[in-house]
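The values are calculated or read from the model by the stated rules, or taken from the named source; none is laboratory data. Being a predicted model, the structure only gives us computed values, none of them experimental. We place every Cβ from the backbone using ideal geometry, glycine too, and count neighbours over all the protein chains shown. In case anyone asks, the SASA skips ligands and DNA or RNA and just uses the protein heavy atoms, side chains included. Shrake-Rupley method; radii C 1.70, N 1.55, O 1.52, S 1.80 Å.
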Amino acid sequence: MAAASGSIRVQRCMVSPAGRHSASLIFLHGSGDSGQGLRTWIKQVLNQDLTFQHIKIIYPTAPPRPYTPMKGGISNVWFDRFKISNDCPEHLESINVMCKVLTDLIDDEVKSGIKKNRILVGGFSMGGCMAMHLVYRNHQDVAGVFALSSFLNKTSAVYQALQESDGVLPELFQCHGTADELVPHSWGEETNSVLKSLRVSTKFHSLPGVYHELSKAELEKLKSWILQKLPGEMEKQNE
C-alpha cells in the first residue's frame, strides 16, 4: 500500500493485546533510538512488557536522516532540529513530512476497525514532541496524547494551530524529571502552561531526581492514564 508521503513507510514493532483488540496506542521513541529499542527499555524499567488486555501497542522506528545537532550525521530521528533549544525556529519541513508518514499508521488502525477516539499517540523526548505535532495539528479527534521528557519550541506551529481551533481538544499527559539536563524541566513546564492557556486539558507530573530517562513510577502513572482514556469492554457500558 502506498504511503501518503511517497516511499517512506516506517518499520514498526508491535505488542498485541492479550484479548480482543478494541483500541490502539502509538508510542514514539526518542532521537537515535528505535521502536524495538523503546520496547526493550520499557521492559527493563518495568521488568516486563507494557501490555494490555484490549490495546495493541505500536512502536514505530523513525527513518534514518541527517540530523543537524549531530553535525549532519545520520540518525533515527522523527525530524531535524536547528539545535536542541526551545528558543529557535522549528524545522517544519521535516516535521510536516513525518506528520504525513505517521498519519498512515493512524489510518491503518482505522481501516482495521479501530475508531479514531480509541487511538492514543505519545512518545519520549523527541517522540513526545512529534506526537503533539501529529495530534494537535492533524488529528484532534484521537483519544489523547502523552509526552514524556518533551518540549515544544516557544514559537511552535502547535500553538498556532491551537489558536485557530475551536473544537474539543485531546487531553495531554505529561511527565518530566526535575534533574533532566538534556531537556530542562522548565521547558516541559513552559510547554504545559502554554498548552493549558490554549484550552488543552493537561496533567503534568514532575518526577523528583529523575534525569532524561524513563522511570518506573512514570510508566505506572502512564499506564493508569492510558486505561482511563481507553477503558476495556467491561468498563464501556455504552458499547
Ranked by how many other beta carbons lie within 10 Å on average, peptides 218-225, 126-133 from highest
126-133, 218-225
Using the heavy atoms of the protein chains and a 1.4 angstrom probe, tell me the accessible area per residue for segment 84-153 in square angstrom.
29
Which of the peptides 205-216, 93-104 is most tightly packed, and how do the rest follow, going by the mean number of other Cβ atoms within 10 Å of each residue?
93-104, 205-216
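Report the extension gain between Ala18 and Thr155 in nm, rounded to one decimal, defined as 0.36 nm multiplied by the number of residues separating them, less their alpha carbon distance.
45.1 nm
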Simple Cβ-charge dipole of segment 114-239, Lys/Arg +1 and Asp/Glu -1, about Cα centre, in debye nearest 20:
240
Peptides 154-163, 137-146, 42-51 ordered by average Cβ neighbours within 10 Å, highest first
137-146, 154-163, 42-51
Among (1) 55; (2) 41; (3) 29, the entry matching percent of Cα pairs over 27 Å apart as calculated here is (3)
Measure up Lys111/Lys221; Lys43/Lys229; Lys100/Lys154; Lys154/Lys196; Lys43/Lys111 against 25 Å on the Cα-Cα distance and list the ones that go over.
Lys111/Lys221; Lys43/Lys111
Can you tell which of Leu134, Leu38, Ser85 lies farthest toward the positive end of the dipole of the chain, using +1 and -1 charges on the Cβ of basic and acidic side chains (Lys, Arg; Asp, Glu)?
Leu38
For segment 60-91, run through the trypsin sites (Lys or Arg not before Pro) and keep only the ones in DSSP coil with at most 12 other Cβ atoms within 10 Å of their Cβ.
Lys71, Lys83
Please report the net charge: other residues with Cβ closer than 13 Å to the Cβ of Arg12, K and R +1, D and E -1.
0
Roughly speaking, to the nearest percent, how much of segment 12-229's 1.4 Å accessible area is carbon and sulfur?
50
Between His54 and residues 5 or more places away or on another chain, the pairs with built amide H atoms under 5 Å apart involve Ala18, Gly19
Just how large is the dipole of segment 1-114 about the Cα centre, in debye to the nearest 20, putting +1 at every Lys and Arg Cβ and -1 at every Asp and Glu Cβ?
260
So for the pair Tyr211, Lys223, with labels modelled 7 Å out along Cα→Cβ, what separation do we get in nm?
2.5
Restricting to Cα pairs below 8 Å that are 6+ residues apart, what does the relative contact order work out to for segment 1-159? Please round to a whole percent.
25
